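Please treat every number below as a calculation from the coordinates, not as lab data. None of the values given here were measured: they were computed from a predicted structure. When we count neighbours, we look across all protein chains shown, and the Cβ atoms used for this are built from the backbone with ideal geometry, even at glycine.
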């Protein structure tokens, strides 16, 4: 009987506690998310899905997504974000929180990042630099490698700087190992500064990124390439077979500039790998790396290229020039006197010449120049048979005969009038 009362009381307490517990656990909340690119521009079209839900929510032209959700403290709801062109692969996920109903989320498409790199777009980032014992580090140098942009941390270890997608962010502090980060490390949670933990360094530390990287002693990388060109031994079989490629070798430049621990990080072929290692081992000492004014050991990688030089094409032979035609001048003695016909004279002489004018036309009855009417020597030079005009024998004797134009010219010249 006693057990029956206990069971009834247990059931009553359970039934009474259900509605009260349900009211305490569930809340209907309105969530507002803004989806933006890293540079602050809207990222429209992003799809939001909640685990266990069937409805999708899509960002509008301003990148905003607003929806209502019954939030339960006992059950964690995970949100997944997708780009519309890849609905099967989420690009970001997080847990819905009661305290984060209004939230800014930064998402970049691959084409956005390519545009940022091309335009060298800068994005403000912030961080806090701490010792691994938890203390803030003041005066640490934060620089954007290769750009000249740098800043220092304040007494609380905080810093702010404009970063980009092309160059790494390097953090240096006295007695600490250097750190190199990308802009993505800072954009994962832009609402809070990125915490950077620095570890003490020792004298045997090998660095990958320093303030002044090691250099080949003669003209830097250009001199290194010239050294390879002069000293790299191309395996005979590889050259005959036309085998080409690149071997990447990594080594340490010690504090005295000597080369140690060369190793192949990208292979090509055994004999070619060996040739590349041999030429690296025979290198002269390099100019050692420096960081914060101190000489340090630094890891360095170089490419050793095997490429067969093709002979330059011979210059094209000059085309033989055609011999010029040997045109002999026509001597005046070779011209026949009977070639001076009327049509040739008219084609040679200008239209306004004396021979072309009608008023200077000579009478037709002066076919033959009398010998006594010409000046001395003229009758010897101009023969009677060379100045006769061709006469149309079909005409009657009474019809005036047309004189040769050459005859008419000489008659006019010497003032001989027709009778």
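Over region 78-216, the alpha carbon radius of gyration divided by the compact-protein estimate 2.2 N^0.38 Å works out to 1.23.
Between rounded, prolate and oblate, where does region 94-158 land on the alpha carbon gyration tensor, with a ≥ b ≥ c its root eigenvalues, rounded for a/c under 1.5, else prolate if a/b exceeds b/c?
Judged from the Cα gyration tensor, region 94-158 comes out oblate (a/c at least 1.5, b/c at or above a/b).
For a modelled paramagnetic label at residue 258, 7 Å from Cα along Cα-to-Cβ, the residues of region 273-293 in reach, with backbone nitrogen under 16 Å, are 281-289.
All distinct Cα pairs of region 220-306 go into the 1/r average, and the inverse of that average, the Kirkwood radius, is 13.7 Å. For region 75-121 versus region 132-153, the spacing of their alpha-carbon centroids is 29 Å.
Mean projected area of the convex hull spanned by the Cα atoms of region 26-106, taken over all viewing directions: 5.2 nm². Our Cα-only numbers for region 120-201 put the radius of gyration and Dmax at 11.8, 37 Å.
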